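**Student:** One structure follows; several queries about it will come next.
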Amino acid sequence: MARHDDDRLQGVEVLENFGIPSAEAAELSERSEFLQLFRKLLFSRIVPCVKDIGLWGEGVRRAFADLGVLDAAGTDLEALMRDDEQIAEDVDRRKDDAELAARRAEVDAAMADGAE
């Protein structure tokens, strides 16, 4: 059976591979909190970007509504980008701190070896 991209976002094919009939798999998928959260997170950046770059036609809005992610269109894209940048900087800082701590441990170990 041919698949559409939105089918992949519903997980129906995975359930079908476990022997669950298509109709039941679709119903289970629609009720799945995990898949709802997955779609929300996946499209939380896509929808506002599509709107921001001017690809916000009726067909696109309808497709996002069908996926249940149209509410993401009201997201402040600039705020999202600032938050993403802050998170990236925090990750880099923690990485730098961890690398510095590891380097200090190496130096301390070398000094201890040299003192023996």
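**Student:** Kindly evaluate Phe34 against the criterion of being in a helix (DSSP H, G or I), at pLDDT 90 or above and either touching a helix residue (DSSP H, G or I) at 6+ places or on another chain (Cβ under 6 Å) or loosely packed, with under 11 Cβ neighbours inside 10 Å (or both).
**Tutor:** no
**Student:** In the range 96-116, what count of residues is obtained for those that are closer than 30 Å to Arg45 by Cβ and modelled with pLDDT of 90 or more?
**Tutor:** Selection size over the range 96-116: 0.
**Student:** Looking for something surrounded by 10 or more Cβ atoms within 10 Å (Cβ to Cβ) and either in contact with a Lys or Arg (Cβ under 6 Å, 6 or more places away or on another chain) or not in a helix (DSSP H, G or I) (or both) - is there at least one such residue anywhere in the range 97-114?
**Tutor:** Scanning the range 97-114 turns up no residue that is surrounded by 10 or more Cβ atoms within 10 Å (Cβ to Cβ) and either in contact with a Lys or Arg (Cβ under 6 Å, 6 or more places away or on another chain) or not in a helix (DSSP H, G or I) (or both).
**Student:** What are the residues in the range 69-116 that are within 16 Å of Asp52 (Cβ to Cβ) and either β-branched (Val, Ile, Thr) or in contact (Cβ under 8 Å) with a residue 60 or more places away in the chain (or both), if any?
**Tutor:** Val69, Thr75, listed by residue number.
**Student:** Sticking with this one: Does the range 48-70 contain at least one residue that is under 27 Å from Glu30 (Cα atoms), aliphatic (A, V, I, L, M), assigned to a helix (DSSP H, G or I) and touching a Ser or Thr at 6+ places or on another chain (Cβ under 8 Å)?
**Tutor:** Among the residues of the range 48-70, not one is under 27 Å from Glu30 (Cα atoms), aliphatic (A, V, I, L, M), assigned to a helix (DSSP H, G or I) and touching a Ser or Thr at 6+ places or on another chain (Cβ under 8 Å), which makes the answer no.
**Student:** Can you find a residue in the range 81-96 that is farther than 23 Å from Glu33 by Cα, of a type in the set (Val, Ile, Thr) and surrounded by fewer than 15 Cβ atoms within 10 Å (Cβ to Cβ)?
**Tutor:** Checking the range 81-96: at least one residue is farther than 23 Å from Glu33 by Cα, of a type in the set (Val, Ile, Thr) and surrounded by fewer than 15 Cβ atoms within 10 Å (Cβ to Cβ).
**Student:** Can I ask one more? Please specify each residue of the range 51-67 satisfying the condition of being over 16 Å from the mean Cα position of the chain (by Cα) and surrounded by 10 or more Cβ atoms within 10 Å (Cβ to Cβ). Don't jump to the end; show me each part of the working.
**Tutor:** Going through the range 51-67, the residues over 16 Å from the mean Cα position of the chain (by Cα) turn out to be 51-66.
Lys51, Asp52, Leu55, Trp56, Gly57, Val60, Arg61, Arg62, Ala63, Phe64, Ala65, Asp66 - these are the residues of the range 51-67 that are over 16 Å from the mean Cα position of the chain (by Cα) and surrounded by 10 or more Cβ atoms within 10 Å (Cβ to Cβ).
The values are calculated or read from the model by the stated rules, or taken from the named source; none is laboratory data. For clarity, every value in this text was computed on a predicted model and none was experimentally measured. When we count neighbours, we look across all protein chains shown, and the Cβ atoms used for this are built from the backbone with ideal geometry, even at glycine.
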